[in-house]
Amino acid sequence: HITSEPVRTPQEQLPTSPNPKTMSDSSSLADRVKEEVQKQYPTALECKIVDHSDGCGAKLELTVVSNSFQGMPLLKRHREIQNNLKEKGLFEEIHALQIKAWTGEQWEKKKGSM
């Protein structure tokens with residue numbers, strides 16, 4: 001006994017996801033994250049993002065260098081960035097986010113030791 005799927009007209013096609021995630025989507029996500037962080041820290045000395053996505057969700061590495069971090073604990077810096085991305089609806093799209101949030105002085109020391 002042989003069965004087959006019914007032939008569907010274009011109007012009967014099963015719905016597909018309107019916006020499937022692809023590698024290009026994750027790179028545009030990286031661009032959107034960078035744009036939002038640059039808006040959050042307009043005087044940042046450095047703002048860069050590296051997309052390490054491998055098909056299993058967006059994996060981003062964010063580096064922000066701003067003197068507005070002076071005297072602010074590291075955890076508070078991270079939370080400030082994460083909360084802004086949550087407010088913008090971007091945080092839910094990210095599988096993993098590594099944040100490097102440094103003052104200008106910390107950045108100079110890091111660059112010197114690299």
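Would you mind stating whether F91 is open to solvent by less than 60 Å² (accessible area, probe 1.4 Å), in contact with a helix residue (DSSP H, G or I) (Cβ under 9 Å, 6 or more places away or on another chain) and either touching a residue at least 40 places away in the same chain (Cβ under 8 Å) or closer than 14 Å to R32 by Cβ (or both)?
yes
Which one is surrounded by the most Cβ atoms within 10 Å (Cβ to Cβ), of the residues in segment 58-84 that are of a type in the set (S, T, N, Q) and either touching a residue at least 12 places away in the same chain (Cβ under 8 Å) or under 8 Å from A101 (Cβ atoms) (or both)?
Here the residue is S66.
Can you tell me how many residues in segment 67-81 are assigned to a helix (DSSP H, G or I) and out of contact with any Lys or Arg (no Cβ under 7 Å at 6 or more places or on another chain)?
10
Restricting to segment 10-51, name every residue that is assigned to a loop (DSSP other than H, G, I, E, B) and modelled with pLDDT of 50 or more.
If the condition is that a residue be assigned to a loop (DSSP other than H, G, I, E, B) and modelled with pLDDT of 50 or more, then Y41, P42, T43, A44, L45 are the ones that fit.
The values are calculated or read from the model by the stated rules, or taken from the named source; none is laboratory data. Owing to the predicted nature of the structure, the values given are computational and were not obtained by experimental measurement. Note: ideal-geometry Cβ built from the backbone for every residue, glycine included; neighbour counts use all protein chains shown. The accessibility values were calculated without ligands, DNA or RNA, using every heavy atom of the protein model including side chains. Shrake-Rupley method; radii C 1.70, N 1.55, O 1.52, S 1.80 Å.
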